[in-house]
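This report concerns only the one structure given below.
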Amino acid sequence: MLGKFNIRTDLALEAKESFEEDDVKIRGVRIEEEEDEKLEIKTTTVVIETENGAKSMGKPVGTYITLEAPNMSVPDEDYHREISKELAKHLKELMGEEEKSVLIVGLGNREVTPDAIGPNVVNNVKITRHVIKEYGKASMDMEKANQVSGLVPGVMAQTGMETLEIIRGVVDETKPDLAIVVDALAARSTKRLSRTIQLTNTGINPGSGVGNHRSGINEESLGIPVIAIGVPTVVDAATIVNDTMENLVATMDATPQMQDLGGVLGTMNQMEKHQMISELISPHLNTMFVTPKDIDETVKRIGYTISEALNIALQLA
């Protein structure tokens, strides 16, 4: 990237797309795509198999499953239930079917709406660990009694502690078999805001999408498998400029009087576009992040959708 200019993304799908834009194939990375036309849900699985692939993608070795649903931002309960079922199916694949103790961690700051996805999810997950420990598995009246506990560790500015320190302390004390962390992400495209869910077995680096790197929460740091679920809720200002530029090129190409100019912009590669944007965007916008105006309702709705997926996957719903 050039200077301080950078289009940030937490999505492996977008990292993959950046290579496709330059017509580059990545060794050690396997990609599978599946589309449900009836439900309008597209699922892309990016499997990074080698360290070489991980270095190229800028992501750890592991599996990244991305669900794209253009109507996810629409308040349709039946549709969101279908998304929950689809997400639960992939969660089961990563978790395995055996009975286990699961710690669900809602990352983020509940006082900042775009960052409140994690806390909203934990609010709606069915917590069972205390009931099972007190009354035994029979009290759940289910085939499998997964012990589910929840944690909302807040952010460093609220606690004075690294998020990892808090989670590691709880893991050491309660000894779960698996941790599932939920967080808000940053996207490289405005069309994916609140319409995409990423699921991965590689853990997560809180704050990385907005340039606020914290210690990684993964199997290496916690000593247990970590599954991360994320939803992009913000884009940086440069992304909006980039998307506007893409739309401008498309409009010029469709207008006979402007095709020559549109053709010149259309032939620019990603680096050249980055250079132009870095020259156009004012310095104080480089650190600005933007979120949709209806983000409060969206966060509640998607948080509930993810919590239902967890309840289904853990056989609590």
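In plain terms, the chain from residue 158 to residue 85 could stretch by 22.8 nm, reckoned as 0.36 nm per residue minus the Cα-Cα distance.
At 7 Å along the Cα-to-beta-carbon direction for both residue 51 and residue 139, put a label point, then send me their distance in nm to one decimal. Here the answer is 4.8 nm between the modelled labels. How far is it, in nm, from the label point at residue 111 to the one at residue 215 when both lie 7 Å from their Cα along the line to the Cβ? Between residue 111 and residue 215, the simple spin-label model gives 2.3 nm. Short-range pairs are left out: with C-alpha atoms under 8 Å and at least six residues apart, the relative contact order of region 127-235 is 27 percent. Amide H contacts of residue 148 (H built 1.01 Å from N, in plane; Pro and chain starts excluded): 102, 128, 129 sit under 5 Å, all sequence-distant by 5 or more or on other chains. Gain on full extension, evaluated as 0.36 nm per residue between residue 35 and residue 172 minus their Cα-Cα distance, stands at 45.2 nm. Within the accessible area of region 161-251, the carbon and sulfur atoms contribute 49%, probe 1.4 Å, all protein chains present. Specify whether the C-alpha gyration tensor of region 66-125 places it in the rounded, prolate or oblate class, a ≥ b ≥ c being the square roots of the eigenvalues: rounded for a/c under 1.5, otherwise prolate if a/b is larger than b/c and oblate if not. Oblate is the answer for region 66-125, as a/c is 1.5 or above yet b/c matches or exceeds a/b.
For region 75-186, the gyration tensor built on C-alpha atoms gives an oblate shape. Its axis ratio a/c (a ≥ b ≥ c) is at least 1.5, and a/b is not larger than b/c. Shape of region 144-203 from the C-alpha gyration tensor: oblate (a/c of 1.5 or more and a/b not above b/c, with a ≥ b ≥ c the square roots of its eigenvalues). The distance between label points at residue 290 and residue 77 comes to 3.4 nm (points 7 Å beyond Cα on the Cα→Cβ vector).
Residue pairs exceeding 26 angstrom between C-alpha atoms, taken from 89/293; 144/175; 89/137; 85/175; 42/300; 42/89: 89/293; 85/175.
Within 10 Å of each candidate Cβ there may be at most 16 other Cβ atoms; applying that plus a DSSP loop requirement, which GluC sites (Glu not before Pro) in region 83-159 survive? Those satisfying the criteria are 97, 98, 99, 111, 143.
The values are calculated or read from the model by the stated rules, or taken from the named source; none is laboratory data. Computed from a predicted structure; not experimentally measured. When we count neighbours, we look across all protein chains shown, and the Cβ atoms used for this are built from the backbone with ideal geometry, even at glycine. Ligands, DNA and RNA are excluded from the accessible area calculation, which covers all protein heavy atoms including side chains. Shrake-Rupley method; radii C 1.70, N 1.55, O 1.52, S 1.80 Å.
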